[in-house]
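The values are calculated or read from the model by the stated rules, or taken from the named source; none is laboratory data. Just so it is clear, the model here is predicted, and its values are computed rather than measured. Cβ atoms come from the backbone with ideal geometry, glycine included; neighbour counts cover every protein chain shown. When the accessible area is computed, the model is the full protein with side chains, heavy atoms only, and any ligands, DNA or RNA have been set aside. Shrake-Rupley method; radii C 1.70, N 1.55, O 1.52, S 1.80 Å.
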Amino acid sequence: MGVIIAVCSSLLGGTLVLRRFSFIGDGLSHVAFGAMSVAAVMNLTGNMTFVLIITIICAVLLLRTGKNSGIKGDAAVAMISVSSLAFGYMIMNIFSASSNLSGDVCSTLFGSTSILTLTVNEVYLSVGLSLAVVITFVFFYNKIFAVTFDEDFARASGVNAGACNLLVAVITAAVIVLSMNLVGSLLISALIIFPALSAMRVFRSFLSVTLCSVILSVICAATGIIISVLAGTPVGSTIVTADAAAFIIFYIGGKFIS
Amino acid sequence: MSQIVCENLSFGYGSNLLAENLNFSVNAGDYLCVIGENGSGKSTLIKILLGLKAPDSGRIILNGIAKNELGYLPQQTEMQKDFPASVYEVVISGCQGRCGLRPFYNRNEKNLAREAMNKMNIQNLAGKCYRELSGGQQQRVLLARAFCASRKAIILDEPVAGLDYESSHEMYRIIHDMNHNGMTIIMISHDTEEALRHSTHVLRMTRNMNEKIFFGSKEEFLNHDC
Ligand SMILES: Nc1ncnc2c1ncn2[C@@H]1O[C@H](COP(=O)(O)OP(=O)(O)O)[C@@H](O)[C@H]1O
Ligand SMILES: [Mg+2]
């Protein structure tokens with residue numbers, strides 16, 4: 001399960017980094033946190049579905065504001081993300097029935113071992129969503145490349161760049177909701193960005209960067225999960241630490257090659 | 001019949017008007033050279049031709065050529081500098097416009113990409129990383145990509161900016177060659193003298209709105225100038 005999520009999260013890394021979109025991933029993860037708190041408080045049964053829908057809506061909105069409005073893209077992201085973070089925490093504080101509030105918040109932010117305690121339905125939903133993400137990405141891979149490399153050219157040659165951007169935003173949202181379960185909302189960006197950054201140190205074509213990030217992400221996730229089970233460390237932060245370590249190795253490796 | 005007609009085109013950014021009531025037309029097989037000082041709106045005009053930006057008023061009429069059949073070589077941007085992409089990946093992305101919803105490239109498109117690379121003499125660079133090429137090689141890669149996108153007309157925005165004499169010469173030769181084979185060329189250039197050598201028509205943009213924008217054949221331009 002963790003491994004499937006790792007695959008999904010690393011797919012879009014290259015695109016997001018290269019288009020200077022990494023901040024959107026970060027902003028969205030905070031939105032997901034806000035939505036999660038609301039869902040938790042309202043005791044919604046379809047917890048994940050609710051969070052997913054809210055996050056997708058916000059992804060679309062963010063993309064819009066980043067383009068058109070007077071507010072600059074990153075300012076808009078900062079506004080939305082910080083307010084949903086604050087809002088989420090506030091709601092949890094006021095309404096939470098749980099006696100262990102800081103424990104709840106902490107696990108939403110940094111992830112918990114909850115990957116092992118997901119309900120059966122949530123597992124099905126996660127697997128289904130992961131498959132959908134992978135299939136969509138493969139199907140639109142060439143379009144995503146064209147639009148990422150040169151949006152103006154792609155548009156001029158008849159690619160529907162707007163739809164493509166929308167697709168990227170929606171996939172990002174789906175990936176974030178998936179990864180919430182694994183590493184928690186604060187660490188999601190790391191899960192998405194690190195493998196791509198590492199791969200870009202060493203590889204020189206878009207395809208090899210994408211493949212390498214996926215493999216790297218899977219290795220790091222597996223290592224992280226195993227270590228966390230053996231050493232009793234928190235799953236999310238162990239995985240991200242593994243990703244960071246891999247980045248350092250690739251960084252040094254990249255220096256040697258060039 | 002004219003392939004591309006611009007009728008009463010006015011455009012600018014907000015209150016910064018760049019051109020007013022601009023009229024010109026390009027026939028199939030013409031070689032139009034767009035000149036004018038920096039900031040006179042050349043790149044903007046091209047974005048309007050390509051439909052990347054809407055004009056304030058006026059319209060563009062295309063005859064016998066679809067909107068997505070205008071090949072495009074953009075002015076170089078910083079963005080592409082750190083992008084990990086192989087030459088082949090960049091060139092074949094020029095075919096993307098023909099794919100519609102089809103996810104992968106077919107045999108025709110792969111052949112077209114090969115042909116384009118042969119034409120630009122970059123076939124031996126296919127697996128190389130785009131960002132590690134010299135300026136001249138990068139421009140030829142982008143030209144090959146434009147060639148994949150269109151066999152009828154190509155619009156080039158300062159294709160030789162920043163290139164040394166040797167590479168510029170090679171670029172001009174390839175462009176002239178494509179024009180010779182019937183392709184319509186619209187090229188922005190700084191180097192008036194070299195650009196005029198092969199062109200058939202000239203459009204001169206100006207920053208001063210009171211000065212008239214010149215459009216005419218090369219002969220008219222040369223007479224008009226002296
Ligand atoms: N995206 C933009 N927003 C606002 N103004 C712009 C934009 N792009 C260009 N301009 C302005 O429009 C004018 C013409 O730009 P441009 O078409 O790039 O000129 P050229 O290519 O002839 O050098 C310049 O004064 C420039 O500052
Ligand atoms: Mg320009």
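Averaged across B:67-75, how many Cβ atoms of other chains sit within 10 Å of each residue's Cβ atom?
Details: counts 3, 5, 2, 3, 3, 7, 1, 4, 1.
Partner-chain Cβ atoms within 10 Å, mean over residues of B:67-75: 3.
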Just name one of B:L112, B:V160, A:F50: the one whose Cα is farthest towards the positive end of the charge dipole of the protein assembly as shown (beta-carbon charges, Lys/Arg +1, Asp/Glu -1).
A:F50
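Taking the Cβ-Cβ separation of B:I65 and B:N38 as r and a Förster radius of 25 Å, what is the calculated FRET efficiency to the nearest 0.05?
Values: r = 30 Å, r/R0 = 1.19.
Given R0 = 25 Å and the Cβ-Cβ separation, E is 0.25.
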Bin width 10 Å, origin at 0, all Cα-Cα pairs of the stretch B:184-226: what percent of pairs per bin?
26, 58, 16, 0
Expressed to two decimals, the protein assembly as shown has a Cα Rg over Rh, using the Kirkwood radius, of 1.06
Shielding of A:157-163 by partners, i.e. mean partner chain Cβ atoms within 10 Å per residue?
6
Determine, at each q value in 0.11, 0.26 (inverse angstroms), the log₁₀ of I(q)/I(0) that the Debye formula gives when each Cα of the stretch B:77-151 is one equal point scatterer.
-0.25, -1.21
Shielding by partners - mean other protein chain Cβ count within 10 Å, residues of A:203-213:
4
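Which order do peptides B:52-61, A:171-180, A:232-241 fall in by mean Cβ count within 10 Å, highest first? Write out the running numbers ahead of the final one.
Values: B:52-61: 14.2, A:171-180: 26.8, A:232-241: 21.6.
Final packing ranking: A:171-180, A:232-241, B:52-61.
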Quick check: residue separation of A:I227 and A:N160 times 0.36 nm, minus the Cα distance between them. What number comes out in nm?
19.7 nm
Estimated 222 nm signal from helices in the protein assembly as shown, with DSSP H stretches of n ≥ 4 weighted -39500 (n - 2.57), rounded to 500:
-19500 deg cm²/dmol
Using 1/(1 + (r/R0)^6) with R0 = 60 angstrom and r between the beta carbons of B:E7 and A:N93, what's the FRET efficiency to the nearest 0.05?
0.40
Residues in the stretch A:188-209, backbone N under 14 Å from the label point at B:D82 (7 Å along the Cα-to-beta-carbon vector): list them, ranges by number please.
A:194, A:196-202
Along the Cα-to-C-beta direction of B:D56, a point sits 7 Å from the Cα; which residues of the stretch B:1-41 have their amide N less than 14 Å from that point?
B:8-22, B:41
Note the count of lysine pairs whose C-alpha atoms are less than 17 angstrom apart in chain B, limited to pairs 8 or more residues apart or on different chains.
8
Alpha carbon Rg of the stretch B:43-104, scaled by the compact-globule rule 2.2 N^0.38 Å:
1.38
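With +1 assigned to the C-beta of every Lys and Arg and -1 to the C-beta of every Asp and Glu, and no other charges, what is the dipole magnitude of chain B about the Cα centre in debye, to the nearest 20? Intermediate values should be presented prior to the final figure.
Numbers: 24 positive and 25 negative charges, 205 e Å.
The calculation lands at about 980 debye.
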Just the number, please: carbon plus sulfur as a percent of the accessible area of the protein assembly as shown, 1.4 Å probe, no ligands or DNA/RNA counted.
60 percent
From a point 7 Å beyond the Cα of B:R151 in the direction of its Cβ, which residues of the stretch B:1-34 have a backbone N at a distance under 17 Å?
B:28-29
per DSSP, antiparallel bridges as share of beta bridges in the protein assembly as shown, % nearest 5, sits at 50 percent
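At 20 °C and a viscosity of 1.002 mPa s, what translational diffusion coefficient does Stokes-Einstein give for the stretch B:1-49, taking Rh as the Kirkwood radius over Cα pairs? Give it in µm²/s as a whole number.
Details: Rh = 11.8 Å.
This corresponds to a translational diffusion coefficient of 181 µm²/s.
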Could you rank B:E7, B:E211, B:E193 by how accessible they are, 1.4 Å probe, largest area first?
B:E193, B:E211, B:E7
Sorted peptide list for A:199-210, A:220-231, criterion being average Cβ within 10 angstrom, highest first:
A:199-210, A:220-231
With a 1.4 Å probe on protein heavy atoms only, work out how much accessible surface A and B bury together, total over both chains, in Å² to the nearest 100.
2700 Å²
Rank-order B:102-115, A:131-144 by packing density, defined as the average count of other C-beta atoms within 10 Å over each peptide's residues, highest first.
A:131-144, B:102-115
Measuring with a 1.4 Å probe in the full set of protein chains, what accessible area per residue, in whole Å², belongs to the stretch B:77-151?
42 Å²
Given a 1.4 Å probe, show me the residues in the stretch B:12-53 buried by at least 40 Å² of accessible surface when comparing the whole protein assembly to the chain alone.
B:L52
Say R0 is 56 Å: what FRET efficiency, to the nearest 0.05, do B:T200 and A:V134 get from their beta-carbon distance?
0.60
